[in-house]
Amino acid sequence: MFVVVGVSGGIAAYKTVQVVRALVTNGHEVHVVPTEDALRFVGTATWEAISRHPVTTSVHDDVAEVRHVALGTQADLVIVAPATANTLAKMAAGISDNLLGVTILATTAPVVVAPAMHTAMWDHAATQANIATLRERGVHVVGPADGPLTGGDSGPGRMVEPDEIVAAALAAVDEQTTDAGAPHDRDDLRDLDGLRAVVSAGGTREPIDPVRYLGNRSSGRQGVAVAVAAADRGARAHLVAAHVDDGVLGDAERHPGITIERAGTAAELDTAVRAAASEADVVVMAAAVADFSVPEVSDVKIRKEDGTITLDLVETPDILAGLVERRRPGQTIVGFAAETADSDDELRERGVRKRARKGVDLLTVNRVGWQQGFEATENAALFIDGTDEVVAEASGSKRAVADALWDAVRRLR
Ligand code: C5P
């Protein structure tokens, strides 16, 4: 999940470090948005080190990428911890004079606040009215706890413990997805029980010399989401992972229904997928396999002094074509196509042609561009089957697209 953790200016900010750490450890992509005041308690360096992402408080950074809105629109979950009386008041009034305020206004994700303040401020009619307003709008309020406060007093106002905040936040996401009927967390759904699935993910890297390779921008997020969705729904998934971004494998590594095998190059991926496919009911090739590799990898680093160089490239094995050729009876083979297209029609037509050329049962077509498809947490895809029809479309989180893929596979089988 793409999680925004807003931090406002209270001493409890030091406990929020644990909230961020727990989310990152669980494989979530976490972006911290402190207020200026929050940075007086815990500084930028700590937030950046723990979240592994740059941290800014300004709405004027990365203006070209509309970053001030992007954080809110991309978020699957927004947590504000600690939420001071001031930040709660601003939220209730819809004030957006800092990046956190803008992010909160721009999001449709669940928002979870963990208030922290002196008891007198918490009890004040203004704060209570603000909390009531926020609750009415669907904001989840966790705490405050009753106990000793920083000044030596005691009473309600302590921020609840980090693990409680994380649990409340994840529960809020579950609640929203269940309410919306979205196929995000299907722990209860075991419609793939007993199915043996092989899923490839990530981008291959074809070496040129000991320090260089030909690669692509695949993060592996979509393929890993496909494996996790399958295993959540009861399948046994064998995930063949090429290069994936940091943290992306987290959910799969912790899943008892998934085994992971690493493969670096197209040739290695071919060997691994081919072997695993011999015992699989469904094979999903979500990996971005390099189409070309260097036939003779140099043992020494190619140097600039050697002058201009020309790389001879040869085609890599088409793994999908090989799978289709050797298909086991009853086996379903799914391919992915990442296409640039000017219109929806062009995207569909490219998909139909590729589906036929590859001979797969189902082709997942997603649009890619400089800002789309790769590295993002969101995706939009259409699914084309052997009748050349678009049998399903999905957009939203990569998990939502993964669930739509398995729904389509089930209908096909
Ligand atoms: O032709 P294109 O590379 O767009 O096809 C994409 C699909 O083919 C993906 O499912 C990818 O995993 C698979 N592929 C493959 N072997 C290759 C290249 C792509 O299996 N050498």
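Here the condition is being within 30 Å of Ala120 (Cβ to Cβ), open to solvent by less than 10 Å² (accessible area, probe 1.4 Å) and not in a loop (DSSP other than H, G, I, E, B); of Val20, Val30, Val3, it holds for Val20 alone.
Here His255, His243, His238 are screened, and the one residue that is over 21 Å from Gly359 (Cβ atoms), more than 16 Å from the ligand (Cβ to nearest atom) and buried (at least 17 other Cβ atoms within 10 Å of the Cβ) is His255. Selection over segment 105-161 of residues that are polar (S, T, N, Q) and either part of a strand (DSSP E or B) or surrounded by fewer than 19 Cβ atoms within 10 Å (Cβ to Cβ) (or both) gives a count of 6. Can you give me the number of residues within segment 337-353 that are open to solvent by 40 Å² or more (accessible area, probe 1.4 Å) and either of a type outside the set (Asp, Glu) or near the ligand (Cβ under 8 Å from one of its atoms) (or both)? So the answer is 6.
Let's see how each residue does on (1) more than 29 Å from the chain's Cα centre (by Cα); (2) within 14 Å of the ligand (Cβ to nearest atom); (3) open to solvent by 20 Å² or more (accessible area, probe 1.4 Å):
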| site | (1), (2), (3) |
| --- | --- |
| Glu305 | yes, no, yes |
| Thr310 | yes, no, yes |
| Asp318 | no, yes, yes |
| Val360 | no, yes, no |
| Thr364 | no, yes, no |
| Ile384 | no, yes, no |
| Asp388 | yes, no, yes |
| Lys398 | no, no, no |
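For beta carbons closer than 7 Å, sequence separation of 6+ or different chains, a first residue in segment 51-62 that is over 22 Å from Thr25 (Cα atoms) and a second that is open to solvent by 70 Å² or more (accessible area, probe 1.4 Å) and modelled with pLDDT of 80 or more, the qualifying pairs are Thr57/Glu36. Can you find a residue that is over 29 Å from Ala276 (Cβ atoms), part of a helix (DSSP H, G or I) and among the acidic types (Asp, Glu) anywhere in segment 375-393? No, there is no match, as no residue in segment 375-393 is over 29 Å from Ala276 (Cβ atoms), part of a helix (DSSP H, G or I) and among the acidic types (Asp, Glu).
The number of residues in segment 354-367 being out of contact with any Ser or Thr (no Cβ under 6 Å at 6 or more places or on another chain) and either in a loop (DSSP other than H, G, I, E, B) or at positive phi (or both) comes to 2. Against the definition (β-branched (Val, Ile, Thr), in contact with an Asp or Glu (Cβ under 8 Å, 6 or more places away or on another chain) and open to solvent by less than 10 Å² (accessible area, probe 1.4 Å)), how does Val228 come out, yes or no? When the stated conditions are applied, Val228 does not pass them. Against the test of being open to solvent by 30 Å² or more (accessible area, probe 1.4 Å) and either among the polar types (S, T, N, Q) or assigned to a loop (DSSP other than H, G, I, E, B) (or both), the options Thr46, Thr56 yield a single qualifying residue, Thr46. Just for segment 320-334: of the residues that are in a helix (DSSP H, G or I) and near the ligand (Cβ under 10 Å from one of its atoms), which one is nearest to the chain's Cα centre (by Cα)? The residue in question is Leu320. Would you be able to tell me the number of residues in segment 237-253 that are closer than 19 Å to Arg274 by Cβ and of a type outside the set (A, V, I, L, M, F, W, C)? Residues meeting the conditions: 1. Look at Val273 and say whether it is within 16 Å of the ligand (Cβ to nearest atom) and either part of a helix (DSSP H, G or I) or open to solvent by 10 Å² or more (accessible area, probe 1.4 Å) (or both). So Val273 fits the description; yes. Residue-level analysis places Asn86 among those that are over 18 Å from Val19 (Cβ atoms), open to solvent by 50 Å² or more (accessible area, probe 1.4 Å) and not small (Gly, Ala, Ser).
The values are calculated or read from the model by the stated rules, or taken from the named source; none is laboratory data. All values reported here derive from a predicted model rather than from experimental measurement. Positions of Cβ are generated from backbone atoms using ideal geometry, with glycine treated the same way; all protein chains shown enter the neighbour counts. These area figures cover heavy atoms from the full protein model, side chains too; ligands, DNA and RNA do not enter into them. Shrake-Rupley method; radii C 1.70, N 1.55, O 1.52, S 1.80 Å.
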